[in-house]
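Everything on this sheet refers to the single structure shown next.
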Amino acid sequence: MKKGLPKGLILGSCSILETAGQGALSALYQTLQSAISGVDSESSNSGRTIWVHFGVNSGATRFAIEQQAVNEATFRCPDELGWKPQKAPIIPADGGISHTRQTSLPVKEITKALAKMDYEVMTSDDAGRFVCNYVYYHSLQFAEQKGTKSLFVHVPLFLTIDKETQMRFAASLLEEYNQFLDCT
């Protein structure tokens, strides 16, 4: 098994956010902004910055690469801080709760490449309405404003797909996206 990051890829940071909608925002924006601030202004790397978010879907049996997030927070249970919004817009200035933001990355192509590597993976148009969708929506907006890219992947529990396989999947995902960036 290969260890480490794909050639030419630099991991800027790795953060674990609270499982809390509004409670995660400060840490999320601090992480996103530090990635932008750390980019050399003379290089073209800002367009090569990708934020990859992972979140657990306890009912999943495979990986799901999310194509979009919806401007709706409808939490079926309270988050870690006790917040339980219902049919609330994540970013009110974006309009109603049916507004979506899509990733600019080629999700279907990358999903096909990962499936050829024997990973149980699918594309998804529904990141839910809980914290994962909430974080992804904010990240997609920030990426659009800053000229970068964002991606969210739902992963199953380790009981369903073991940790080692999930780590290999994450490395393969980064490698595929790195190859995509080399072609653009």
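The values are calculated or read from the model by the stated rules, or taken from the named source; none is laboratory data. Values in this document were obtained by computation on a predicted structure and should not be read as measured data. We place every Cβ from the backbone using ideal geometry, glycine too, and count neighbours over all the protein chains shown. Calculation scope for accessible area: heavy atoms of the full protein, side chains included, ligands and nucleic acids excluded. Shrake-Rupley method; radii C 1.70, N 1.55, O 1.52, S 1.80 Å.
Okay, here's what the table says:
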item	result
Subset of the stretch 1-40 (residues that are at pLDDT below 75, of a type in the set (A, V, I, L, M) and open to solvent by 80 Å² or more (accessible area, probe 1.4 Å))	M1, L5, I10, L11
Residue within the stretch 144-151 that is open to solvent by less than 10 Å² (accessible area, probe 1.4 Å), under 17 Å from T49 (Cβ atoms), outside any helix (DSSP H, G or I) and of a type in the set (A, V, I, L, M) present	yes
Pairs, first touching a residue at least 12 places away in the same chain (Cβ under 8 Å) in the stretch 150-179, second of a type in the set (D, E) and open to solvent by less than 20 Å² (accessible area, probe 1.4 Å), C-beta under 9 Å, six or more apart	L151/E66; F152/E66; V153/E66; H154/E66
